[in-house]
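The values are calculated or read from the model by the stated rules, or taken from the named source; none is laboratory data. Just so you know, these numbers come straight off a predicted model, no measurement behind them. Ideal geometry is used to build each Cβ from the backbone, glycine not excepted, and the neighbour counts take in all protein chains shown. The accessibility values were calculated without ligands, DNA or RNA, using every heavy atom of the protein model including side chains. Shrake-Rupley method; radii C 1.70, N 1.55, O 1.52, S 1.80 Å.
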Amino acid sequence: MWTPYRGRARLAVGATIAGHPVTLAVDGKLEDLDPTLLFLDTGAAWSVIGGLWAERLLADRRPALASQALHTRLGTFTGGLYRCTVTLLAHEGVDLSFEPTVLLTPDWPGPPTLGYPNGLERLRLALEPADGDEEAWLHFGPAV
């Protein structure tokens, strides 16, 4: 049977990233940085990357596509919107790279967050919940 999913990764349910508890996270890479857990937040207005990740990604960037303010429970953060390569790392199948529009703001104290608009909406995703001793999975592929 044909499936639009090319890979799958273990979902970290109830993980902590950079000291922040998150509901769902998956192993990924931001450009050429070391792999890290990425927070999957379908309710986020933007994909946002802060802290040292943002500083390293901003080091060799040309000007931002636009500037943007993000108002959150953690405060208001201003940064630039950039296209960045994000790779979801497959535990089975093949990795998937895509280019969401992300807000890079070194002041953001939260985890690297993949939001739906201009990010996750560019992918085909399916969640497979944990079943007994089985792990939870994120199935992914390019949007068709």
Within the stretch 104-127, the residues that are under 14 Å from the mean Cα position of the chain (by Cα) and of a type in the set (A, V, I, L, M, F, W, C) are LEU104, LEU114, LEU120, LEU123, LEU125
Expected single match for of a type in the set (Asp, Glu) and at pLDDT 95 or above among GLU92, GLU121 is GLU92
Scan of the stretch 68-87 for residues that are in contact (Cβ under 8 Å) with a residue 24 or more places away in the chain, in a strand (DSSP E or B) and open to solvent by 60 Å² or more (accessible area, probe 1.4 Å), ordered by number | THR78
Counting only residues that are open to solvent by less than 50 Å² (accessible area, probe 1.4 Å) and touching a strand residue (DSSP E or B) at 6+ places or on another chain (Cβ under 6 Å), the stretch 124-144 contains a total of 7
In the set ASP32, ASP95, which member is in contact with a Ser or Thr (Cβ under 6 Å, 6 or more places away or on another chain) and surrounded by fewer than 17 Cβ atoms within 10 Å (Cβ to Cβ)?
-> ASP95
Note down all Cβ pairs under 8 Å where the first residue falls in the stretch 119-130 and is under 16 Å from LEU89 (Cα atoms), the second is open to solvent by 60 Å² or more (accessible area, probe 1.4 Å) and of a type in the set (Val, Ile, Thr), and they're at least six residues apart or on different chains.
-> LEU120/THR42; ARG124/VAL144
So which pairs qualify, if the first residue must be in the stretch 26-46 and under 14 Å from THR16 (Cβ atoms), the second must be of a type in the set (S, T, N, Q) and assigned to a strand (DSSP E or B), the Cβ gap must be under 7 Å, and the two must be at least 6 apart or on different chains?
-> PHE39/THR113
Where residues in the stretch 12-22 are touching a residue at least 60 places away in the same chain (Cβ under 8 Å) and aliphatic (A, V, I, L, M), which of them is surrounded by the fewest Cβ atoms within 10 Å (Cβ to Cβ)?
-> VAL13
Could you please find all residues in the stretch 95-144 being among the polar types (S, T, N, Q) and either within 16 Å of ALA9 (Cα to Cα) or in a strand (DSSP E or B) (or both)?
-> SER97, THR101, THR105, THR113
Residue among ALA90, ALA9, ALA44, ALA25 that is within 24 Å of ASP131 (Cβ to Cβ), open to solvent by less than 50 Å² (accessible area, probe 1.4 Å), part of a loop (DSSP other than H, G, I, E, B) and in contact with a strand residue (DSSP E or B) (Cβ under 8 Å, 6 or more places away or on another chain) | ALA90
Over the stretch 103-118, the set of residues in contact with a Phe, Trp or Tyr (Cβ under 6 Å, 6 or more places away or on another chain), hydrophobic (A, V, I, L, M, F, W, C) and modelled with pLDDT of 95 or more is LEU103, LEU104
